[in-house]
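Engineer: Structure incoming, see below.
The values are calculated or read from the model by the stated rules, or taken from the named source; none is laboratory data. This one's a predicted model, so the numbers in the text were calculated from it and none came from an experiment. Reconstructed Cβ throughout: ideal geometry from the backbone, glycine too, with neighbour counts over all protein chains shown.
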Amino acid sequence: MNHSMDTPVAAPHTTTTNSAGRVMASVMAALAPATLFGFWLYGWPAVYLWLITVSFAMLGEAFCLRLTGRQAIPVLFDGSALLTGWLLAVSLPPWAPWWIGAFGGLFATVLGKQVFGGLGQNLFNPAMVARVALLISFPLQMTAWVAPLPLFSAAAPGLIDGLRITLTGAPPGFDAVASASLLGFAKTEMSRGLDLLQSLAQAPVPGWYGSHPGSMGETAALLIAAGGAAMMMLRLISWHIPFAMLAGIAVPAAILHAVDPARYLDAGTHLLSGGAMLGAFFIATDYVTSPNTPRGQLIFGAGCGLLTWVIRTWAGYPEGVAFAVLLMNSLTPIIDSYVKPRIYGRDRKGVALEPVK
Amino acid sequence: MGLFERIFKEPRWGVHPDDHKRPAADVPLRLLPPPARVYMPLHQHVGGAARPVVLAGQKVLKGQLLAEPQGNISAPIHAPVSGTVAAIGEVTAPHPSGLGFAAITLDSDFEDRWIDTARVADPFSLDPAEIVRLTAAAGVVGLGGATFPAAVKFVLGKRLAVKSLIVNGGECEPYLSSDDRIMRDHAGQVVDGARIVMHAIGAIEALVGIEDNKPEAIAAMRIAAAPFPEVKIMPVPARYPMGSDKQLIQTLTGKEVPADARAAEVGVLVHNVSTCAAVHTAVRLGRPLVERIVTINGGAVAKPGNIFAPLGTLVEELLAFCGLKETPSRLILGGPMMGTPLLHGRIPLVKGASGILAFDAGEALVPAAGPCIRCGGCTRACPMGLLPLEMAARIRTGDLDGAAGFHLTDCIACGCCAYVCPAHIPLVQYFSHAKGELSARQRARLRSDAAKRLAEARIVRLEREAKEKAEVAARRKAERKAAKAAAAAAAAAAQPEGETV
Amino acid sequence: MNPLATSDFHTVEGIARVVCLEGSVAWLEPEQTGGCGSCAASSGCGAKGIGTVASRMEIRRFPLANVDGLRVGERIVVGVCDRALIHAALTAYALPLATALGAGGLAEWAMGSDLATMAATAAGLSAGILAARIGAGRLAARGDLAPHFLRRARPGETCGTGEQ
Amino acid sequence: MKDFVLMMIGAALVNNVILARFLGLCSFMGVTTRIDTAAGMGLATTFVITVSSMADWAVQHYLLDAYGLGFLRTVTFILVIASAVQFTEMTIKKVSPTLFRMLGIYLPLITTNCAVLGVALLLVEGHMSFIGSTMFAFASSLGYSLVMVIFAGLRERLALARVPRLFAGPPIGFIVASLLAMAFMGFSGISAG
Amino acid sequence: MLIAVGSLAVMGLALGGLLGTAARYLAVEENPVEGQLKEMLPGSQCGQCGYVGCGQAAAALATGQAPVTLCPPGGKALAEALAARLGVKVDLSALTDTGPQLALVAEEICIGCCRCLKTCPTDAIVGAAKQIHNVIREACTGCGACIDNCPTEAMSMVPVAVSLQHWIWPKPASATA
């Protein structure tokens, strides 16, 4: 009858069937459609880049776990390293050389997560840490975008030379036009004095179905939004951060566009181009580095959106999502310490209420 | 509940575990054959333990007083069976530590003879103080699990002029259905008990909160409460922990009990349905609380259901009566969300035990705890609006004051956070450890402060005594000097007379 | 362990004993808390340590407005606002700076000469310091800085004991 | 007015005193264990930097430039800064003793803080008007306080993490500082724009 | 780009090596013991040891003026560590750190000599000449001053048993990940 228990098991004795691994798996499932569309759009080099980034990310994690003497296998299977690598791969230029993916993957898991002590304790979003590091150290490779070449169309590189592109870099002969993404295009044009109205005339029009150059994850805004909506339905993420971030980008863009259409891009282009959609649904909503109260998440999202728009409009780098998310990650502890839910029986500042009959 | 209520009035907090109440809830009540030996613990309630008034070997009748209350918050203990007092010794307590506590062992003579009890025809003609005395004498305590002496709450309710009594038929814990059973079978007793309590505290209305996953109970209670307009049956959304008093008060009356105040200070008093029934039997029939309905459930139980058993029966006997499919992997007293794990079966049934669960291997599986991924699920589930992940992180690193800064003392240990945590972190164990550690530190601080005051008082005493001794010595020296001087003066005076003559 | 243990998110509470009354001011001495824990060493709890008991208690007296008839020997709970540090820093530093820069900006906008701006900034700074003095006075009165009276201590209550 | 705002944003965020110019790192690593101590230190440094920059500008403009004593710049600036700190200490003690008891410890820390001298020297190269240099000093010290408070928030959360023993303490602090510096590089190019 | 990284790395290594060797030769024989001792003391600056703060206490320990058992909050564990560090052999039996303890009078052999009464720092022992003495449990701090004063060995230290109300849930084993 009795079962020897050195330490008694505390209540509650039942628990949910949910687990960290299942959460990561469903986020990856929501991300899959957009990624597959990206593979189809950019051909084999994109697939190889994705594979290399993810495998190096998991390699970095396994190495650190082994270093600290912990079992690598169970931790790898909760999928957090895989998800980090995936998010990084999706935000890279599709035909980037392999060592960009490798260095990014290692940087993400080693310096982005494991150095802080593993899952749940990193202060910054590991994927964005790696992307910003790559953007700053290898600006050329990180802004070499490629016009979309559907997988099985004639001009697309086959299986083998796709691999050669990733390993040795795109041969000059290939006519895949290395053109800047819309944001980069707009910025370079503006710096050359052309104002937006003329330069936008010839630029490829950003569409929901993603026909313009950009990183794998950026192009299919519709599929990303669908993935995001699915995650909200499954209650994986709440609507606060995506809504606030997209509003944070759209509102200033709309206002300034109304004021001076020549100098400022309109809200639609801002939302559909660059990493806005990917950032809002998958990157800013990372549990570990975003505030844990709804009001805090609204502030966090609005901050991300606003900073993205500010960096895109005035700062040197064309894409602001990565920097904005990192900056807001650094503010998360302060947001959390000031924005707390109202405790039952206490007022907002935590002082007990006065009993009223 | 219309769609509107469902979206806006539906409370945000809490969890929806699947309640495993059927089929145990539907099985009719069974009577436990009188056990051969019962162990009545002296400390089955909140407050001071009771003091035995019987001697070993003494013959007692069923319902006779075994131990009287001590201090202003306490409750008496009565004999659940007629027989002889075998011993007053130690028995294992229903507590995770496995430590023992004092209990009176009775050997039953199987005659089940009651003491002669004074029946009261019309309790509403009695003076409220009389009802309080009868309830206290009968040893009625909160049977929902809190086991706070009911009479003390009546006095408090009367003093603070509480206007509405809330009868808690929530029973939101999965597996348990003892309140459900008492509402279905003895709805009349519950309503009558509630009206007696209203008379005792001077309340004008009684709100009976019943979760809407117990339709039969709601129907039975509506029939019983039909003739009395002041007793209102109010179904509440089924959601754990709706049965917790602060949440039920907020759902039924919209009032919030302030953090360090008692429910009575906002004009509300909460009593469990079984407590009301016990008040009914105590006042109307004059019979003390010696037996109760207890749910026996869990994967390892062959015929789960509710049993009407005398208090003090061993858990082993209750499980044997219901039959066991396999050796239980874990025994739990109470529900799965807040119940205490029992180390073995030789533990007596106490007043606060609403259920005994025998889990099989599947139900008892404890998944390994992973790292916290800060998903915030626990902050959404917490009915008190706390931040379990922040508190647990600080407790893990040993910063208990930091956790206390997040108002750890407001945590009602309902278990919602640990239930929804995808990393299966034992959050409630962290909080129980921290609360225990903080109160231990506070006790140590109290002791060291007392020691400091005692040490300082002793030193002041020693200084005073030294000063007094010095004064006495000085005074005596002065007297001696004065005496010597006087003697010398006298001698001098005497001598000149000699010379001048 | 500082005598004012943090027990509430916002007010830091501590226990003090009224030592003597001078007109409207009550002099209080914080109770030595935190003692020596489990008294493992044989030297007793340091009561015999530095100087006699009386002198040791002497050095930590602080005045408090005798608001509702305190008697000598009574033990009361005093509190200092936890956010005191930031409030204090704001009044001491931010206020003078704001007035100085405001005055300088105005002068620059109005006259435009460096000398005038410098004079205006200096004037703004001194005005700001006066404002800070008043502000600090108000903060002290409101009890944000110095300890302020919360409630009478229940017998046996010591600092840091919430309503257990 | 527009170039004022741009200059201030440039001073506060783009080339931030701590993250871009790497000045004042000792107080940055030392005082940022709690948010309110960091805020206290930040505000104190803001006050001292602004006051000493005003004085430095005056000294530079009317003394050093007038008599061609440029080489004395560093010595005089240090003198001015030390006296500014002493002046601040006296005013705070005068304003309210309890305030001083709470904030007193930060002031000696500021005299040795290289951000104060750094900003003063930067002012000289800027050749701006009095109000311009004061605003520049105020903006860069605001940037200093902002980064101090942000870093304090990060370190409070880092205290809860199980950092591997190799990185515990200052190493992980420097890693977080470098990641923060990388994030702040997002603002580069704003003042030019 | 490679030259930049390369030169920095080389300079870093060279300087590191230089400093490493210099550290060994230029090591100043300052008294490291004091620093380490200061690290071991609880650092609560409580003054129980009679010195103003742990820095002074560490200095006194290093020079051997202070006994190893000078720090009450540290308890037995600290005393042992300090003894080990200083290589001092000290009889630590007086320091029983088996948790809180209370004095207990064996009433059958107490002759009422009042010697323990006088030594108790908190007046926790009740008794009179020729009367049986006993200990007030709430007042006794377990300091053991009375043990060696008793001529008939009636006094003994008894650990306080964990009661049902004072039992504390153990802290869960934190996740290893």
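Engineer: Checking the conditions here, which among A:PRO8, A:PRO45 is closer than 30 Å to B:HIS344 by Cα and more than 19 Å from the chain's Cα centre (by Cα)? Walk me through how you get there before you give the answer.
Structural biologist: Details: A:PRO45 fails: closer than 30 Å to B:HIS344 by Cα.
Checking each option against the conditions leaves just A:PRO8.
Engineer: Still on this structure, I have one more. Considering only residues that are within 14 Å of another protein chain (Cβ to nearest Cβ) and closer than 18 Å to B:ALA150 by Cβ, which ones fall in the stretch B:30-57? Walk me through how you get there before you give the answer.
Structural biologist: Within the stretch B:30-57, the subset within 14 Å of another protein chain (Cβ to nearest Cβ) is B:41-49.
Result: B:HIS43, B:GLN44, B:HIS45, B:VAL46, B:GLY47, B:GLY48, B:ALA49.
Engineer: May I ask you to say which residue of B:ALA413, B:ALA392 is more than 7 Å from every other protein chain (Cβ to nearest Cβ), in contact (Cβ under 8 Å) with a residue 24 or more places away in the chain and either polar (S, T, N, Q) or on the phi > 0 side of the Ramachandran plot (or both)?
Structural biologist: On the way: B:ALA392 fails: either polar (S, T, N, Q) or on the phi > 0 side of the Ramachandran plot (or both).
Result: B:ALA413 is the single residue among B:ALA413, B:ALA392 that is more than 7 Å from every other protein chain (Cβ to nearest Cβ), in contact (Cβ under 8 Å) with a residue 24 or more places away in the chain and either polar (S, T, N, Q) or on the phi > 0 side of the Ramachandran plot (or both).
Engineer: Go through the stretch B:1-49 and report how many residues are closer than 25 Å to B:SER177 by Cα, among the acidic types (Asp, Glu), modelled with pLDDT under 85 and loosely packed, with under 13 Cβ neighbours inside 10 Å.
Structural biologist: The qualifying residues number 1.
Engineer: A further question on this structure: Is it the case that the stretch D:146-164 has a residue that's touching a Phe, Trp or Tyr at 6+ places or on another chain (Cβ under 6 Å) and closer than 25 Å to C:GLY104 by Cβ?
Structural biologist: Among the residues of the stretch D:146-164, not one is touching a Phe, Trp or Tyr at 6+ places or on another chain (Cβ under 6 Å) and closer than 25 Å to C:GLY104 by Cβ, which makes the answer no.
Engineer: Give me the pairs: first residue in the stretch B:425-449 and within 14 Å of chain C (Cβ to nearest Cβ), second residue part of a helix (DSSP H, G or I) and buried (at least 20 other Cβ atoms within 10 Å of the Cβ), beta-carbon distance under 7 Å, and six or more apart or on different chains, which are they?
Structural biologist: Hits for this filter: B:ALA434/B:ILE395; B:ALA434/B:ALA403; B:ALA434/B:LEU408; B:LYS435/B:LEU408; B:LEU438/B:ALA404.
Engineer: Among what's in the stretch B:253-284 and is over 19 Å from the mean Cα position of the chain (by Cα) and within 19 Å of B:LYS232 (Cα to Cα), pick the residue that is surrounded by the most Cβ atoms within 10 Å (Cβ to Cβ).
Structural biologist: The qualifying residue surrounded by the most Cβ atoms within 10 Å (Cβ to Cβ) is B:HIS280.
Engineer: Taking the stretch A:77-95 as the search range and keeping residues that are without any contact (Cβ under 8 Å) to a residue 60 or more places away in the chain and more than 13 Å from every other protein chain (Cβ to nearest Cβ), which one is nearest to A:THR143 (Cα to Cα)?
Structural biologist: Per the stated criteria, the residue is A:LEU88.
Engineer: Please determine whether any residue of the stretch B:310-324 is out of contact with any helix residue (DSSP H, G or I) (no Cβ under 6 Å at 6 or more places or on another chain), in contact (Cβ under 8 Å) with a residue 24 or more places away in the chain, assigned to a loop (DSSP other than H, G, I, E, B) and of a type outside the set (Gly, Ala, Ser). So that I can check it myself, show each step before the final result.
Structural biologist: Initially, the stretch B:310-324 is screened for residues out of contact with any helix residue (DSSP H, G or I) (no Cβ under 6 Å at 6 or more places or on another chain), giving B:310-324.
Narrowing the set further to residues that are in contact (Cβ under 8 Å) with a residue 24 or more places away in the chain leaves B:310-319, B:321-322, B:324.
With assigned to a loop (DSSP other than H, G, I, E, B) added as a condition, the list becomes B:311-313.
Adding the requirement that they be of a type outside the set (Gly, Ala, Ser) leaves B:311, B:313.
Yes, because at least one residue in the stretch B:310-324 is out of contact with any helix residue (DSSP H, G or I) (no Cβ under 6 Å at 6 or more places or on another chain), in contact (Cβ under 8 Å) with a residue 24 or more places away in the chain, assigned to a loop (DSSP other than H, G, I, E, B) and of a type outside the set (Gly, Ala, Ser).
Engineer: Suppose the filter is in contact (Cβ under 8 Å) with a residue 40 or more places away in the chain, surrounded by fewer than 21 Cβ atoms within 10 Å (Cβ to Cβ), under 26 Å from D:ARG155 (Cα atoms) and within 7 Å of another protein chain (Cβ to nearest Cβ); does B:GLY385 pass it?
Structural biologist: Numbers: in contact (Cβ under 8 Å) with a residue 40 or more places away in the chain: yes; surrounded by fewer than 21 Cβ atoms within 10 Å (Cβ to Cβ): yes; under 26 Å from D:ARG155 (Cα atoms): yes; within 7 Å of another protein chain (Cβ to nearest Cβ): yes.
Yes: the conditions hold for B:GLY385.
Rundown of residues vs (1) surrounded by 19 or more Cβ atoms within 10 Å (Cβ to Cβ); (2) more than 21 Å from D:ILE78 (Cα to Cα); (3) under 16 Å from the mean Cα position of the chain (by Cα); (4) at pLDDT below 85, yes/no style:
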{"residue": "D:LEU103", "(1), (2), (3), (4)": "yes, yes, no, yes"}
{"residue": "D:PRO108", "(1), (2), (3), (4)": "no, no, yes, yes"}
{"residue": "D:ALA120", "(1), (2), (3), (4)": "yes, no, yes, no"}
{"residue": "D:GLU125", "(1), (2), (3), (4)": "no, no, no, yes"}
{"residue": "D:SER129", "(1), (2), (3), (4)": "no, yes, no, yes"}
{"residue": "D:GLY143", "(1), (2), (3), (4)": "yes, yes, yes, no"}
{"residue": "D:ILE150", "(1), (2), (3), (4)": "yes, yes, yes, no"}
{"residue": "D:ALA159", "(1), (2), (3), (4)": "no, yes, no, no"}
{"residue": "D:PRO164", "(1), (2), (3), (4)": "no, yes, no, no"}
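Engineer: Say we look at the stretch E:145-177 and pick out the residues that are within 25 Å of B:ALA440 (Cβ to Cβ) and more than 14 Å from chain B (Cβ to nearest Cβ); which of these is surrounded by the most Cβ atoms within 10 Å (Cβ to Cβ)?
Structural biologist: That would be E:MET157.
Engineer: Sticking with this structure for a sec: Residues that are within 12 Å of another protein chain (Cβ to nearest Cβ) and either at negative phi or in contact with a helix residue (DSSP H, G or I) (Cβ under 8 Å, 6 or more places away or on another chain) (or both): does the stretch A:258-270 have at least one? Write out each step before concluding.
Structural biologist: Quick first cut of the stretch A:258-270, residues within 12 Å of another protein chain (Cβ to nearest Cβ) only: A:263.
From what's left, either at negative phi or in contact with a helix residue (DSSP H, G or I) (Cβ under 8 Å, 6 or more places away or on another chain) (or both): A:263.
The answer is yes; a qualifying residue exists.
Engineer: Looking at B:GLU130, B:GLU90, B:GLU111, which one is assigned to a helix (DSSP H, G or I) and surrounded by fewer than 18 Cβ atoms within 10 Å (Cβ to Cβ)? Outline the logic, then answer.
Structural biologist: On the way: B:GLU90 fails: assigned to a helix (DSSP H, G or I); B:GLU111 fails: assigned to a helix (DSSP H, G or I).
After ruling out the rest, the residue left standing is B:GLU130.
Engineer: Something else: From the list B:GLY405, B:GLY352, exactly one residue is touching a Leu at 6+ places or on another chain (Cβ under 8 Å) and surrounded by fewer than 23 Cβ atoms within 10 Å (Cβ to Cβ). Which is it? Don't jump to the end; show me each part of the working.
Structural biologist: Numbers: B:GLY405 fails: touching a Leu at 6+ places or on another chain (Cβ under 8 Å).
Every option except B:GLY352 fails the conditions.
Engineer: If you check every pair at least six apart or on different chains, which have Cβ atoms under 7 Å apart with a residue in the stretch E:100-118 that is closer than 27 Å to B:ARG445 by Cβ first and a residue that is part of a helix (DSSP H, G or I) second?
Structural biologist: Final answer for the pair search is E:CYS116/E:ASN149.
Engineer: Something else about it: Scan B:LEU61, B:LEU66 and give me the residue that is away from chain E (no Cβ under 14 Å), within 26 Å of the chain's Cα centre (by Cα) and over 30 Å from B:ARG239 (Cβ atoms).
Structural biologist: Working: B:LEU61 fails: within 26 Å of the chain's Cα centre (by Cα).
Testing whether each residue is away from chain E (no Cβ under 14 Å), within 26 Å of the chain's Cα centre (by Cα) and over 30 Å from B:ARG239 (Cβ atoms) leaves just B:LEU66.
Engineer: Within 9 Å of chain A (Cβ to nearest Cβ) and touching a residue at least 12 places away in the same chain (Cβ under 8 Å): which single residue out of B:ILE356, B:ILE347, B:ILE307, B:ILE332 fits that description? Walk me through it before giving the result.
Structural biologist: On the way: B:ILE356 fails: within 9 Å of chain A (Cβ to nearest Cβ); B:ILE347 fails: within 9 Å of chain A (Cβ to nearest Cβ); B:ILE307 fails: within 9 Å of chain A (Cβ to nearest Cβ).
Within the list B:ILE356, B:ILE347, B:ILE307, B:ILE332, the selection yields B:ILE332.
Engineer: Say whether the condition of being modelled with pLDDT under 90, over 30 Å from B:THR251 (Cβ atoms), surrounded by 24 or more Cβ atoms within 10 Å (Cβ to Cβ) and not aromatic (Phe, Trp, Tyr) is met by at least one residue in the stretch A:301-309.
Structural biologist: Looking through the stretch A:301-309, none of the residues is modelled with pLDDT under 90, over 30 Å from B:THR251 (Cβ atoms), surrounded by 24 or more Cβ atoms within 10 Å (Cβ to Cβ) and not aromatic (Phe, Trp, Tyr).
Engineer: Among the helices (runs of 4 or more DSSP H) contained in the stretch D:1-116, which hold 2 or more residues that are among the small types (Gly, Ala, Ser)? Please lay out each step first, then the result.
Structural biologist: Details: elements: D:2-9, D:25-30, D:35-58, D:73-95, D:97-103, D:106-111.
In the stretch D:1-116, the matching helices (runs of 4 or more DSSP H) lie at D:25-30, D:35-58, D:73-95.
Engineer: Follow-up. Pull up the stretch E:130-144, narrow it to residues that are surrounded by 15 or more Cβ atoms within 10 Å (Cβ to Cβ) and under 24 Å from the mean Cα position of the chain (by Cα), then point me to the one that is farthest from the other protein chains (Cβ to nearest Cβ).
Structural biologist: E:CYS140
Engineer: Quick check, is B:LYS163 over 27 Å from A:PRO12 (Cα atoms), under 22 Å from the mean Cα position of the chain (by Cα) and among the charged types (D, E, K, R)?
Structural biologist: Values: over 27 Å from A:PRO12 (Cα atoms): yes; under 22 Å from the mean Cα position of the chain (by Cα): no; among the charged types (D, E, K, R): yes.
When the stated conditions are applied, B:LYS163 does not pass them.
Engineer: Kindly list, by first and then second residue, each pair from a residue in the stretch B:88-117 that is more than 14 Å from chain A (Cβ to nearest Cβ) to a residue that is buried (at least 17 other Cβ atoms within 10 Å of the Cβ) and at pLDDT below 90, limited to pairs with Cβ atoms under 7 Å and residues at least 6 apart or on different chains.
Structural biologist: B:SER108/B:PRO34; B:PHE110/B:PRO34; B:ASP112/B:PRO34
Engineer: Still on this structure, please answer the following. Look through A:LEU87, A:LEU111, A:LEU140 and report the one residue that is among the aliphatic types (A, V, I, L, M), at pLDDT 90 or above and surrounded by fewer than 24 Cβ atoms within 10 Å (Cβ to Cβ). Let's see the steps before the verdict.
Structural biologist: On the way: A:LEU87 fails: surrounded by fewer than 24 Cβ atoms within 10 Å (Cβ to Cβ); A:LEU140 fails: at pLDDT 90 or above.
Going through A:LEU87, A:LEU111, A:LEU140 in turn, just one is among the aliphatic types (A, V, I, L, M), at pLDDT 90 or above and surrounded by fewer than 24 Cβ atoms within 10 Å (Cβ to Cβ): A:LEU111.
Engineer: Identify, by number, the condition in (1) within 30 Å of B:LEU389 (Cβ to Cβ); (2) in contact with a Gly (Cβ under 8 Å, 6 or more places away or on another chain); (3) among the aliphatic types (A, V, I, L, M) that D:ALA115 doesn't meet.
Structural biologist: The one condition D:ALA115 does not meet is (1).
Engineer: Which residues, taken from the stretch B:345-374, are farther than 30 Å from B:LYS303 by Cα and touching a helix residue (DSSP H, G or I) at 6+ places or on another chain (Cβ under 7 Å)? Steps first, please.
Structural biologist: As a first pass, look at the stretch B:345-374 and keep what is farther than 30 Å from B:LYS303 by Cα: B:368-374.
Matches in the stretch B:345-374: B:GLY370, B:CYS372, B:ILE373, B:ARG374.
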